[in-house]
Amino acid sequence: TPTPTPTLTPTHTPTPTPATGLIRFYAFLDHNGDGVPDSDDPPFEGLQVILRDEQGRVRGATLTNSEGRATFSGLLVGAYSLWVTPPEGLATTRPNPVFVNVQAGALAEAQMGFTPIWQPHFLPLLRAN
């Protein structure tokens, strides 16, 4: 007679969830061009922000909200870059792209100001008769 062989019950081994962090970006109209948001510098709404990973792959894109903020969450630990295209007639007051390191369970913040590009105005030279 055959002897019953006990069947082993698999043990549940939980898969660890990777630790993630988030990036909050702030865009503002930088009136004095110093790269620092001042009380009279309004937020910049509707600016497209593109998130890229260390290999340059696009990991997300969004628009800044009415408060000038864009948030990327659920990001794996690592280095990222935030890319923006300044609207016509404006220049960035900080390097573009902005580089950010994401840590587990942490908030990484970045900001960028935009200032009008100075356009020279030429007046004709008048000669006195």
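Here are a few things to note about the model shown:
- Gaussian network model of the chain, springs between alpha carbon atoms under 10 Å - residue of GLY21, GLY89, GLY33 with greatest fluctuation: GLY89
- Solvent exposure of the chain as accessible area per residue, Å², 1.4 Å probe: 72
- FRET E, pair SER39, ASN101, Förster distance 35 Å, beta-carbon r, rounded to 0.05: 0.75
- Karplus (6.51, -1.76, 1.60) ³J(HN,Hα), θ = phi - 60°, over the stretch 104-111, in Hz, Gly and Pro reported as x: 4, x, 10, 9, 9, 10, 9, 8
- Fully extending the segment from THR20 to TRP83 would add 20.6 nm, taking 0.36 nm per residue of separation and subtracting the current Cα-Cα distance.
- For P(r) over Cα pairs in 10 Å bins from 0, in percent, computed directly from the structure shown, the correct entry in (i) 13, 42, 28, 14, 4, 0; (ii) 13, 49, 33, 5, 0; (iii) 11, 32, 21, 11, 8, 7, 5, 3, 1, 1, 0, 0, 0 is (iii).
- Largest GNM mean-square fluctuation across GLN55, GLN111, GLN103, computed for the chain with C-alpha springs under 10 Å, falls on GLN55.
- Note on exposure: SER81, SER66 ranked by accessible area (1.4 Å probe, complete protein assembly) read SER66, SER81, with the most exposed listed first.
The values are calculated or read from the model by the stated rules, or taken from the named source; none is laboratory data. Please read these numbers as outputs of a predicted model, since none were measured by experiment. Counting neighbours? That spans all protein chains shown, and the Cβs are built from the backbone with ideal geometry, glycine included. What goes into the accessible areas is simple: the full protein's heavy atoms, side chains included, and nothing from ligands, DNA or RNA. Shrake-Rupley method; radii C 1.70, N 1.55, O 1.52, S 1.80 Å.
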